[in-house]
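The values are calculated or read from the model by the stated rules, or taken from the named source; none is laboratory data. Quantities reported herein were computed from a predicted structural model and do not represent experimental measurements. Here the Cβ positions follow ideal geometry from the backbone for every residue, glycine too, while neighbour counts run over all protein chains shown. When the accessible area is computed, the model is the full protein with side chains, heavy atoms only, and any ligands, DNA or RNA have been set aside. Shrake-Rupley method; radii C 1.70, N 1.55, O 1.52, S 1.80 Å.
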Amino acid sequence: MARLVRVCLDAAVGVLALALVGGIVVLVAPGILVRFEQPALQAWCTVLAAVVIQGVPFLLLGTVVSAAVTTLVPDRVLARVLPANPVLAVPVAGAAGALLPGCECASVPVAGSLIRRGVAPAAALTFLLGAPAVNPVVLVATSIAFPGRPEMVLARLLASFATSVAMGWLWIRLGRTKWLRLADRPRPAADRGRLDAFAGALQHDFLHAGGFLVLGAAAAATFNIAVPPSVLESFAGSPWLSVLLLGVLAVVLSICSEADAFVAASLSGFSATARLAFMVVGPMVDLKLIALQAGTFGRAFALRFSTATFASAVAASALVGGWLL
C-alpha cells in the first residue's frame with residue numbers, strides 16, 4: 001500500500017509540474033515575445049508551444065501504457081493476444097490499434113515496450129501505425145469535420161489500415177532486427193516491487209521521449225514560418241502534385257491525429273483525395289513522430305521506416321481516394 005501511495009504521489013507531482021510549467025508559459029511568454037517585436041519569432045514560438053502542448057497529454061498516455069505493458073502485463077497474456085504466425089499477427093495488430101484512442105505520440109513508446117516483451121517487430125510496428133489512425137476518436141472527429149460525407153471516413157479507415165498492414169508485411173519481407181536500436185531502459189532491482197518498476201519505467205520513457213517531441217515540434221514550427229501559403233496554393237491545381245504536397249505538408253505540420261481532419265477540411269482548394277492523403281500520412285509520418293522513433297528505435301530505423309511509410313500512405317490514399325472519392 002505504501003508503494004502504491006508513493007507512485008500516486010509521484011504521478012500527481014509530475015502532472016502538477018507540467019501544469020505549472022504550462023501556466024508560466026501562457027502567462028509569461030506573451031510579454032517576453034512582445035519585447036522581441038518580431039512577428040515571425042512570435043509565430044514560431046506559438047506553433048512550437050501548440051504542437052508540444054497538443055502532444056504531451058498523449059505522450060503521457062503512451063508512456064503510462066508502455067510502462068504498464070512492460071512491468072505489469074505477464075508475457076503469457078501477450079502471447080495469447082497475437083497469433084504466433086507473424087503474417088497473421090500483422091492484421092490483428094492493425095485492428096488492435098482501435099483500442100488505444102490516442103495520437104502518434106502515444107503509440108511509439110507502446111510499440112517499443114511490445115518489442116522488448118518479445119512481440120514480433122512486424123506486429124508492434126503495425127500497431128504503431130494503426131493506433132493513431134483507425135481508433136474511434138479519430139474516425140468520429142473525421143465525420144464531424146466532413147459532415148454528410150461518410151465516404152471520407154470510410155476512405156480514411158481503409159487507407160490507414162491498408163498502410164499499417166502493408167508496412168507490417170513489408171517488415172516481415174525486408175526488415176532487419178539489427179535496424180532496431182531500442183534505447184536502454186534501467187533494469188529494476190530484484191527487490192523492487194512491480195509498482196516501483198512501473199514508476200521507474202514511466203519516468204524514464206516520458207523524459208526520454210519528451211525531448212524528441214520538442215525537437216520535432218521545433219522543426220514543424222520552422223516549416224510553418226519559412227514556407228509562405230502562396231507556395232502551397234500553386235500546387236492545388238495538379239491532381240498528382242496536390243496529393244504529394246499535402247502528404248509532405250502533413251509530415252511537417254505535425255498535427256495530432258484527433259485534430260488533423262479539421263485542418264484537412266479547411267483545405268477546400270485541394271481535391272478530396274489530396275485531403276485524404278493529408279489525414280492518412282499525418283498520423284503515421286510527421287516530424288515529431290520521426291524524432292520519437294529515432295529516440296526509441298534509432299536514427300537508421302527512423303529514416304528507413306518513415307520513408308517507406310510515407311510512400312505506402314501516399315499510394316494507399318491515391319488508390320482508395322480514386323476508388324471511393
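Give me the one-decimal nm value for the distance between modelled label points at W240 and L174, 7 Å along each residue's Cα-to-Cβ direction.
Calculated label separation equals 2.0 nm.
At 0.36 nm per residue, and after removing the present C-alpha to C-alpha distance, how many nm does the segment from F262 to R116 gain when stretched out fully?
Full extension from F262 to R116 adds 49.0 nm.
Using 1/(1 + (r/R0)^6) with R0 = 25 angstrom and r between the beta carbons of W323 and V140, what's the FRET efficiency to the nearest 0.05?
0.60
Pull out the extension gain between V81 and R304, defined as 0.36 nm times the separation in residues minus the alpha carbon to alpha carbon distance; nm, one decimal. Each step should come with its number before you reach the end.
On the way: separation 223, 0.36 × 223 = 80.28 nm, distance 2.83 nm.
Between V81 and R304, full extension yields an extra 77.4 nm.
Rounded to the nearest 10 Å², what accessible area does F262 show when all protein chains are kept and the probe is 1.4 Å?
100
Just need the relative contact order of the stretch 257-312 here, percent rounded to a whole number, with Cα pairs under 8 Å and 6+ apart.
29
Mind giving me the nanometre distance, one decimal, between the label points for A95 and A311, set 7 Å out from Cα along Cα→Cβ?
2.9
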